[in-house]
1. Can you confirm whether residue 257 is open to solvent by 90 Å² or more (accessible area, probe 1.4 Å), at pLDDT below 95 and not hydroxyl-bearing (Ser, Thr, Tyr)?
2. Within the range 316-332, is even one residue out of contact with any Cys (no Cβ under 8 Å at 6 or more places or on another chain), open to solvent by 80 Å² or more (accessible area, probe 1.4 Å), under 30 Å from residue 254 (Cα atoms) and part of a helix (DSSP H, G or I)?
3. Return the residues of the range 276-313 that are open to solvent by 40 Å² or more (accessible area, probe 1.4 Å), under 23 Å from residue 375 (Cα atoms) and in contact with an Asp or Glu (Cβ under 7 Å, 6 or more places away or on another chain); say none if nothing qualifies.
4. Out of the range 201-232, which residues are modelled with pLDDT of 90 or more, in a loop (DSSP other than H, G, I, E, B) and either within 25 Å of residue 371 (Cα to Cα) or not hydrophobic (A, V, I, L, M, F, W, C) (or both)?
5. Condition first: modelled with pLDDT under 95 and of a type in the set (D, E, K, R). Now tell me which residues in the range 314-336 satisfy that.
Amino acid sequence: MKNFIKQHFTHLLVLLVLASCSSGKKMLEQGDYYNAVVKSVEKLRKNPENKKSRQTLRQAYPLAQEFYLSNIRNLKSSNHPFVWTETVYSYNKLNALYEEIQRSPAAKQVIPSPANYYQNLSEAKNKAADEQYQAGLSSLNLNTRESAKKAYFHFLDADAFVPNYKDVHAKIDQAKYAATLKVIVDQVAVPSRTYKESGEQFHNLVADFLRKLEMNEFVRFYSYTQARKEGLTNPDQIIKMQFDDFIVGETHTLQQVREVKSDTIKVGEVTLDDGTKKAAMGVVKADMKVNRMEIISKGVLSLEIVKGQTDSRILLENFAGEFVWFNEWGTYNGDKRALSKNDLSIVKNTQIAPPPPKQMFLEFTKPIYTRLTNRLKEFYRNY
């Protein structure tokens, strides 16, 4: 049995090796000359005498070379808007093949003089940088946010081709600013000294959230102070948030008297005919008096988003929140065994003081914060 397993494993291994060796050939047959070269060189690094990989490399390299050189010639005679950008791509591929072969002695035996195109690439990169730079200028001159976004990426590409090309860094900043939706956030203070501190804590949480929301690189939120400091006089939008209505400390005191009982309590024993004893189960009862104090805090936050120039409304929504604090305590008369675990807990409780109003204000704002931030995230997702 062991011998059979060993033979079976060896057979599978041979099949895998053969399939692996033929992968470069398959790529060649499918016209994927670049990967046919890469795969063949990889195999020759592991097995320099591999005849199939040598043959595949010998056929694939000149075909890959001609493919990319032909692509470059065709680009130069075409009306493609980014001739040099695409040309850089082709020269990069050719140079990558050169490097692959150079790092394999066996591959160099098959292709003794692989061609490199680094000088051609350098010239193409300069032209591609100018190509992207000019495209950026054209887009920027259209004076729209969307065109400024395109300009921003064109300038980034120009800088990638030739670092510090002309004044590209200044253009990147200019395009980024023009593409960015600038939003002033107006969080109206809570009209109460008692809850001023709690209101500020809520506002700070919202401000922290908006800073994180700026992960969308084309949206920025400003306070009025920041806007004045940076000279922003024409925001694209203004967010207005305020608590239109809130109540903290609405108190309700309730009292309930109820009978509780249990029929699973052992009340004695009985003797059976055979002399054995069995527990006698019976019903025990008690009267519970439960006191409950509820303190309700609730409010509504309005969210309005308007256009900065016209003050016309884009969005108006309200977000409600509520927090109910309660305390229960009580007494009983009767058999304690009739009380459930919850009843026993209530009996052990005593009347306690509620949280301070500032804390209850923050508690009812928690669901408001969740709904508000989810809505803002959704609203600014596509900007």
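The values are calculated or read from the model by the stated rules, or taken from the named source; none is laboratory data. This one's a predicted model, so the numbers in the text were calculated from it and none came from an experiment. Here Cβ is always computed from backbone atoms with ideal geometry, including for glycine, and neighbour counts include all displayed protein chains. Accessible surface is based on the protein model in full, side chains and every heavy atom, while ligands, DNA and RNA are left aside. Shrake-Rupley method; radii C 1.70, N 1.55, O 1.52, S 1.80 Å.
1. Values: open to solvent by 90 Å² or more (accessible area, probe 1.4 Å): yes; at pLDDT below 95: yes; not hydroxyl-bearing (Ser, Thr, Tyr): yes.
So residue 257 passes the test.
2. No, the range 316-332 contains no residue that is out of contact with any Cys (no Cβ under 8 Å at 6 or more places or on another chain), open to solvent by 80 Å² or more (accessible area, probe 1.4 Å), under 30 Å from residue 254 (Cα atoms) and part of a helix (DSSP H, G or I).
3. If the condition is that a residue be open to solvent by 40 Å² or more (accessible area, probe 1.4 Å), under 23 Å from residue 375 (Cα atoms) and in contact with an Asp or Glu (Cβ under 7 Å, 6 or more places away or on another chain), then 298, 300, 313 are the ones that fit.
4. Within the range 201-232, 218, 223, 231 qualify.
5. 328, 335, 336
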